[in-house]
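Structure record follows, encoded as structure tokens.
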Amino acid sequence: MGGPLKVTQLTAKNPDEIRVVSISDAHMSPFNPKSWKANYWEHTRDGIQQVLNYAKKVQADAVIWPGDQYHLKTPARNPLYFVSETIDLLLSSGIPNYGIGGNHDFKMGSRDGLKGQPLEILIKSGVFKLLDDEELVITTGKTSVKIAGESYNHSKAEGCRDKKKDGADHLVVLGHFWFGQTTGEFFGEPMYGPDWLGKGEADIYDIGHHHLDQGIQHFDGKAYIVVGSISRTGSHSNDLERRPAASVLTFKGQNREINAIRPKVLPIGEALDLEVREKVKREEKEMKAFIENLKSTNLGAADPVQAIAELDLPKEVQDRALKYLEQAESE
Ligand SMILES: [Fe+2]
């Protein structure tokens, strides 16, 4: 990082309008999350494909991805055939893909942990351009839109707020962090609101991370796209209620418009086994409480894995707790 970024110039397909489609938190994975009974990958891919087909139909100039394109971090759980299928999916629209990485795309909380991840393959294949390295300017000759962004960086948004307009008519900034009505904290991590983000030069923040649909919000002439995840892994309770959305951004002269679009998806009861989901959530809660308890019992241990290993527990209980910790790190 540091130094001036490469800027790619693109001429808009339509003579007087720039169109961009955004897809957030795709969470692509070849494996079914625990509570899924339908085929998660086929279903998720189909939803994304519907959005990409729409982008192609309206001759969008770029598809933008504000992070968490992949679900699982472990390379062994992203087999080659699957990564290859994700490349095909992103290629299918014929539209360039630009975006950032989310916490699920990296090991260790920042893009320093890109090595060995499926997102790295997507970037190296040339199908996906990382905005940390290369910004995009789309122009009609009369109107210009700059698209910039910063990947997930330990839940911080400073890098996003610092992005510069550099003479463009509109600046879109992609970020992956918690967004709320006011700046503060969310589960011990920073959360940013329009009061803080609004001080930056961005006209539109396109924000991933929250899977909840918070819509498209407008404050003081700026827009915040927080329509949530295009997929439903089943781990968030809002997955049961919301219909996944993507968004379409159009720019004409000084005017801009943002609309949500929603692919057709299976009703949640056909996608997930709700009884299994209840059981999984209950077990997770119990395990979390159990591990918290262990941490406070065995204060001498540096980390929970050590704490579990040192305690006099039946092997089956130890194995279950260790497996939970391993999964928590991976997912
Ligand atoms: Fe996510």
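The values are calculated or read from the model by the stated rules, or taken from the named source; none is laboratory data. Computed from a predicted structure; not experimentally measured. Counting neighbours? That spans all protein chains shown, and the Cβs are built from the backbone with ideal geometry, glycine included. Surface accessibility is based on the protein's heavy atoms, side chains included, excluding ligands, DNA and RNA. Shrake-Rupley method; radii C 1.70, N 1.55, O 1.52, S 1.80 Å.
Structure values in brief
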item	result
Search result, residues across the range 27-37 that are in a strand (DSSP E or B) and open to solvent by 10 Å² or more (accessible area, probe 1.4 Å)	TRP36
The one condition in (1) away from the ligand (no atom under 12 Å from the Cβ); (2) surrounded by 22 or more Cβ atoms within 10 Å (Cβ to Cβ); (3) in a loop (DSSP other than H, G, I, E, B) that LYS199 fails to fulfil	(2)
Candidates TYR54, TYR40, filtered to the one that is in contact with a Pro (Cβ under 9 Å, 6 or more places away or on another chain), over 23 Å from TRP178 (Cα atoms), open to solvent by 10 Å² or more (accessible area, probe 1.4 Å) and in the same structural domain as VAL226 (by TED's automatic domain parsing)	TYR54
Given (1) out of contact with any helix residue (DSSP H, G or I) (no Cβ under 9 Å at 6 or more places or on another chain); (2) of a type outside the set (D, E, K, R); (3) at pLDDT 95 or above; (4) over 23 Å from SER84 (Cα atoms), number of the condition GLY175 does not satisfy	(1)
Conditions (1) more than 15 Å from the ligand (Cβ to nearest atom); (2) within 21 Å of GLY101 (Cβ to Cβ): number failed by ASN259	(2)
Qualifying residue in the range 24-34 (condition: within 16 Å of the ligand (Cβ to nearest atom) and either touching a Leu at 6+ places or on another chain (Cβ under 6 Å) or more than 22 Å from LEU114 (Cβ to Cβ) (or both))	yes
Members of the range 141-167 found to be open to solvent by less than 30 Å² (accessible area, probe 1.4 Å) and of a type in the set (S, T, N, Q), listed by number	THR143, SER144, SER151, SER155
Residue list for the range 1-26, filter: at pLDDT 95 or above and not in a strand (DSSP E or B)	ALA12, LYS13, ILE23, SER24, ASP25, ALA26
In the range 77-100, the residues that are free of Cβ contacts under 8 Å to residues at least 12 places away in the same chain and either small (Gly, Ala, Ser) or within 16 Å of the ligand (Cβ to nearest atom) (or both)	SER84
Test result for GLU278, assigned by TED's automatic domain parsing to the domain that holds SER35 and open to solvent by 80 Å² or more (accessible area, probe 1.4 Å)	no
Among (1) in contact (Cβ under 8 Å) with a residue 60 or more places away in the chain; (2) in contact with a Gly (Cβ under 8 Å, 6 or more places away or on another chain), the one test that THR182 misses	(1)
Considering residues of the range 101-133 that are open to solvent by less than 20 Å² (accessible area, probe 1.4 Å) and of a type in the set (D, E, K, R) only, the residue farthest from the ligand (Cβ to nearest atom)	ASP132
Answer from GLN181, GLN214 - the residue that is in the same structural domain as GLU42 (by TED's automatic domain parsing), out of contact with any Ser or Thr (no Cβ under 8 Å at 6 or more places or on another chain) and within 15 Å of the ligand (Cβ to nearest atom)	GLN214
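Listed here are the residues, each with its yes/no results for (1) within 22 Å of ILE100 (Cα to Cα); (2) within 13 Å of the ligand (Cβ to nearest atom); (3) modelled with pLDDT of 95 or more.
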position	(1), (2), (3)
GLU189	yes, no, no
GLY193	yes, no, yes
VAL226	yes, yes, yes
SER231	yes, yes, yes
